[in-house]
Amino acid sequence: MRVAEAWRVALDALRANRMRSALTMLGVIIGVASVVLLVAIGTGTKQKVEQQVEGLGSNLLLVVPGKLDVGTAPVVSPLDLKDVDAVSRVVGDPGRVAVTIASGATARAGTRSDFTTVQGVLETTPSVFTRTLARGRYLTGADVDTSRRVAVLGASVARALFPDRDPLGQQVTLAGVRFRVIGVFTPLGQSLGVDRDDEVHIPVTAAQRLWGTQRIDGIAVKAPDREQIDQLGERIVAELSRRHPDTEFSAVTQQQILGVLGDILGVLTGVLAAIAGISLLVGGVGVSNIMLVSVRERTREIGLRKAVGARPRDIGVQFLLEAVLLTSIGGLTGMALGVGGALLVDAVSPIPAAITWWSLALAFGVSAAVGIVFGVVPAQRAGRLDPVVALRAE
Amino acid sequence: MTVAAIEAVDVSRTYELDGVSVPALRGVSLTIDQGEYVAVIGPSGSGKSTLMHLLGGLDRPTGGRLVIGGRDVATLTAPELATLRNETIGFVFQAFHLLPRTSAVDNVALPLVYRGVGARQRRERAAAMLGRVGLGHRLGHRPNQLSGGEQQRVAIARALVTDPTVLLADEPTGNLDSATGDAVLELLERLNAESGVALVMVTHDPEVAARARRRIAVRDGLIRSDTVHDRPLSGGDGRPETLDAAPSAEPRSASGSGPGHPSGGFGGATGATGRLPLSGGQSAPGGAG
């Protein structure tokens, strides 16, 4: 039997049982669609995180106590502002050194309140991290030196506390202490479902007083150029280790952060795809099941075809093609649904999604393979049927 | 000089059912010659269906020697046997066995699919064959749009579209009323006479069997009688006949395909005259080869 003929016969058989074919395909459709969609979300998230980490500013070096590694316990920071001075001496330019001490706090203005992240920072922050202001001015060296109670609001905080007023010059209460609003950041948007505009910057000295501590959480340094980053990191870590012999320090670059995040997201994407793959497998079992039913139902047809000269292989190929056609059509439909779903998620939800060609090729290939794997047993059974018995079947 | 279409020598078939051996055929010898008209008659359970399956290459004997179209069945693989069926045998079943949801012309063309004939030529040959059975106006009809008689005629066209040497009909009128059944039998007999295809008809009905020149009675897995009749008996004369007691019957040797070939000496009803080969000369391999 010619291949084209076999395809036609298989297609006819599927058409003859439209409802059953559609329901069988549904298992494959759901499996393929979820693989495509989840891989798209994983890929999109990874791309967005990479963009954002790169968007923090170039040649950035983050110095934190402890080791930057998945699974290690956080370390209490021994750093204080004297360490920052020491790091500034190593770097040779205090304008390239930023610090942070952060804590959650409730910000109030009049009757409105907003739980947000309060960050104690130096006046260098906008030049180290690329931050711009929509209104007003940023903190100055004088603000930091005198622990002035002034605050720069993230766009979300400004919107929450002052929905119908200009926040500039207004008072906000942070952890019960009043601050004057001097500036509002340009919105950054969301990343990984986190609102990056939900923050308030105050002078690090004011923050330390607010929380009754001399510590800071970490130091960020903007290296003059890419070549110097690693060497600069080593020198900073050496200096800090000399000052705090009991603590280990890490200096990490954006590339290292990207690497770690990429690993985590890669694993996450893999796990999601595997779960979706299981549903594809279940769909394959459904195909196998329905093919066995189909073979039984068409036993007489098989008997007749054999009587008029069909070889066992002809019958086997016919049923195998039927299974492959089921999963291939299901696979294509699932791909279309997955791509559509990914575009929809990307457009209307904060979750990013990016279609990759390899995921489409993989999903389709796997669905066709599922058809072959789960079609072989029913096809062999059909091919081996004894024509005499088959013709007698009811 | 013609070669036997089918030759069976001491053929037996035993089924194994749950470890118990059940003999369905217990040593049967017979020869079907080119162009013959043979009725195989016997009650249900006699082994006549088993015999037909063996003669058609649908099943293999468990003992003896079975040669179909010059090829010993025992030496053939399953695919080779399938090809042999396709080339030499045409089947007509009691239950028609047409593919539902498939047009008459495509049903008829089905055996050609397994012969690798292209779609266009298949349809042409199938349409021509449907014309020969009087259904040239029903090409696109599906089985459920046809009467029982028409369905059986489609099945006959399907059996003959490959130009087989033997047409095996298993109770071809069993699902039809007597008038329609008669028409189907007349069609089969006409095709047998015209194209020279051997017609082997399995039936339990003595009236149907009485139409054939040669009648083989099967009982308990054995051939009880194998007789050739000078003139076909009329089934409707109200005189029930037992075949083995038919007055004009003369015994026939089971392996009698030699010089004393019967078709020459019995009025030429199915003789060489009046044969109209369907195409080429395949219907008469003795002459073509």
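Each value in this text was obtained by applying a stated rule to the coordinates, not by laboratory testing. Since this is a predicted model, take the numbers as computed values, not measurements. Virtual Cβ from ideal backbone geometry, glycine too; neighbours counted across all protein chains shown.
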With Cα coordinates, the longest principal axis of chain A makes an angle with the long axis of helix A:357-384, in degrees rounded to 10, of 30 degrees
Rg/Rh of the protein assembly as shown (Cα atoms, Kirkwood Rh), to two decimals, equals 1.36
HN-Hα couplings for region B:62-77 via Karplus (6.51, -1.76, 1.60; θ = phi - 60°), in whole Hz with x for Gly/Pro, come out as 8, x, x, 10, 10, 10, 10, x, x, 10, 6, 4, 5, 8, 9, 7
Output for region B:62-117: trypsin sites (Lys or Arg not before Pro) sitting in coil per DSSP, at most 15 other Cβ within 10 Å, listed by number, reads B:Arg101, B:Arg115
In whole angstrom, the spacing between the Cα centers of region A:98-148 and region B:134-150 equals 88 Å
Averaged over residues of B:113-121, the number of beta carbons from other chains lying within 10 Å of each residue's Cβ is 4
If amide H atoms are modeled at 1.01 Å from N in the peptide plane, then the residues at a separation of 5 or more from A:Ser77, or on another chain, having amide H under 5 Å from its own are none
Cβ density ranking, 10 Å radius, fewest first, applied to B:Leu188, B:Leu135 yields B:Leu135, B:Leu188
Counting all Cα-Cα pairs in region A:179-232, those more than 15 Å apart amount in percent to 69 percent
Dividing the helical contributions, -39500 (n - 2.57) per DSSP H run of n ≥ 4, by the residues of chain A yields a 222 nm value, nearest 500 deg cm²/dmol, of -19500 deg cm²/dmol
Residues whose built amide H sits under 5 Å from the amide H of A:Ala175, excluding neighbours closer than 5 in sequence, are A:Thr106
The set of residues whose placed amide H lies less than 5 Å from the amide H of A:Thr130, leaving out same-chain residues fewer than 5 positions away, is A:Gly57
Taking Cα pairs closer than 8 Å and at least 6 residues apart, the relative contact order of region A:36-142 in percent is 20 percent
Calc'd 3J(HN,Hα), region B:107-121, phi into Karplus 6.51 cos²θ - 1.76 cosθ + 1.60 (θ = phi - 60°), Hz, glycine/Pro = x, comes to 4, 5, 6, 3, x, 5, 4, 7, 9, x, 7, x, 4, 5, 5
Measuring from the longest principal axis of the C-alpha atoms of chain A, the long axis of helix A:3-16 (C-alpha) lies at a number of degrees, nearest 10, equal to 80 degrees
Most exposed first, judged by fewest Cβ atoms within 10 angstrom, A:Val28, A:Val9, B:Val28 run A:Val9, B:Val28, A:Val28
Inter-chain shielding metric for A:309-316, i.e. average beta-carbon neighbours from other chains within 10 angstrom, reads 6
Shape call for region A:58-152, from the Cα gyration tensor axes a ≥ b ≥ c (a/c under 1.5 means rounded, otherwise prolate when a/b beats b/c, else oblate), comes out oblate
Under the rule rounded for a/c under 1.5, else prolate if a/b exceeds b/c, else oblate, using alpha carbon gyration tensor axes a ≥ b ≥ c, chain A is classed as prolate
The protein assembly as shown: antiparallel bridges as % of DSSP beta bridges, rounded to 5, reads 70 percent
Within 10 Å of the Cβ of an average residue in A:297-307, the count of other chain Cβ atoms is 5
Counted neighbours (other Cβ, 10 Å), sorted fewest up, put A:Phe364, A:Phe249 in the order A:Phe364, A:Phe249
